[in-house]
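The values are calculated or read from the model by the stated rules, or taken from the named source; none is laboratory data. Here the structure is a predicted model, which is why all the values come from computation and not from measurement. Neighbour counts run over all protein chains shown; Cβ positions are idealised from the backbone, glycine included. When the accessible area is computed, the model is the full protein with side chains, heavy atoms only, and any ligands, DNA or RNA have been set aside. Shrake-Rupley method; radii C 1.70, N 1.55, O 1.52, S 1.80 Å.
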Amino acid sequence: MMKKIFLLCSITVFVISCQRKSTLTDEQVEKYTKHGKEIAQSSFKALSSQLKQVMQAGGVKNAASYCNVAALPLTDSLSNKYNAVIKRTSLKLRNPKNAPDSLEAKMLAMYLIMSRMRNPVMVPKILEKNAQEVQFYAPIMIKSETCLKCHGIIDDTMQREDYGVIAELYPNDAAIGYKLGDFRGMWSITLKK
Ligand code: HEC
């Protein structure tokens with residue numbers, strides 16, 4: 001019993017001592033949140049307007065293979081434009097290149113738990129990473145039916161034929177089975193201070 005209590009205490013002390021409190025002021029947090037939101041929004045717009053065009057031109061199948069080649073270069077070019085590192089990540093990945101690092105995995109888990117609560121507060125967060133950088137996190141929710149065409153349920157919201165193309169491109173795809181309102185993933189944007 002005493003052993004257990006001792007163990008618990010040392011774990012608690014260890015966890016607490018690992019946490020460095022942010023030195024950012026409220027104003028700084030506000031500024032970085034605003035900047036991060038702008039970048040996430042324009043990246044989302046760029047991704048979805050291109051997606052829409054390709055979907056109109058050649059259907060979901062065409063768009064899926066397009067997304068495959070375009071998503072990463074597009075976020076890369078926006079990263080250059082904003083002098084930031086723009087990333088989309090998830091606990092259920094399609095592209096393994098979007099895999100979360102250990103901190104991102106923790107944030108994703110936090111958002112996921114939050115999303116299951118009765119009154120979820122799915123808001124962006126700022127973390128002071130080091131002396132030069134801050135990290136902006138923002139949850140990505142499934143807000144439109146369009147998302148379900150490629151992330152939905154096979155034979156229900158997503159056509160089996162369309163999914164065939166995706167599955168071929170991403171043999172280890174886990175990013176399906178979503179419904180409207182689900183927590184899908186997260187923006188993780190590294191901003192320079
Ligand atoms: C035409 C098919 C298609 C549609 C529609 C679509 N996606 Fe995707 N999604 C993809 C593909 C393909 C990838 C992998 C992109 C890559 O290689 O980085 C992807 C990747 C993602 C990722 C990155 C994490 C991961 O699993 O690799 C997120 C987050 C995401 N999609 C969310 C959404 C949301 C939200 C919507 C609706 C606004 C949406 N997607 C609509 C095909 C689609």
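Assorted remarks:
- In terms of accessible area, using a 1.4 Å probe and ignoring ligands and nucleic acids, 165, 121 rank largest first as 121, 165.
- The helix-only estimate of mean residue ellipticity at 222 nm for the chain, built from DSSP H runs of length n ≥ 4 each weighted as -39500 (n - 2.57), is -19000 deg cm²/dmol after division by the residue total.
- Here the mean projected area of the convex hull built on the C-alpha positions of segment 27-67 is 2.8 nm².
- Within the accessible area of the chain (1.4 Å probe), percent carbon and sulfur: 59 percent
- Rounded to the nearest 20 debye, dipole of the chain from Cβ charges on Lys, Arg, Asp, Glu: 540 debye
- Residue-normalised accessible area of the chain, given per residue in Å² at a 1.4 Å probe: 65 Å²
- Top positive-direction residue, dipole computed over the chain with Cβ charges, set 107, 74, 47: 107
- Cα-based reach from residue 52 at 14 Å (exclusive), listing aspartates and glutamates while leaving out same-chain residues under 8 positions away: 145
- Short to long, the 10 Å bins of the Cα pair-distance histogram for the chain hold 8, 30, 33, 18, 8, 3, 0 percent of all pairs.
- In this label model, residue 161 and residue 74 are separated by 2.4 nm, measuring between points 7 Å along each Cα→Cβ vector.
- Diffusion constant of segment 130-185 at 37 °C, which comes from Stokes-Einstein with the Kirkwood Cα-pair radius and 0.692 mPa s, µm²/s: 259 µm²/s
- Distance between the pseudo-spin-label points of residue 26 and residue 144 (7 Å out from Cα toward the beta carbon): 3.6 nm.
- Note on residue 113 and residue 49: the extension gain reaches 20.0 nm, defined as 0.36 nm multiplied by sequence separation minus the Cα-Cα distance.
- Positive dipole terminus of the chain, leading residue within 64, 189, 23 (C-beta point charges): 23
- Protection-proxy order for peptides 179-189, 144-154, 122-132, each taking the mean of Cβ atoms within 10 Å per residue, highest first: 179-189, 144-154, 122-132
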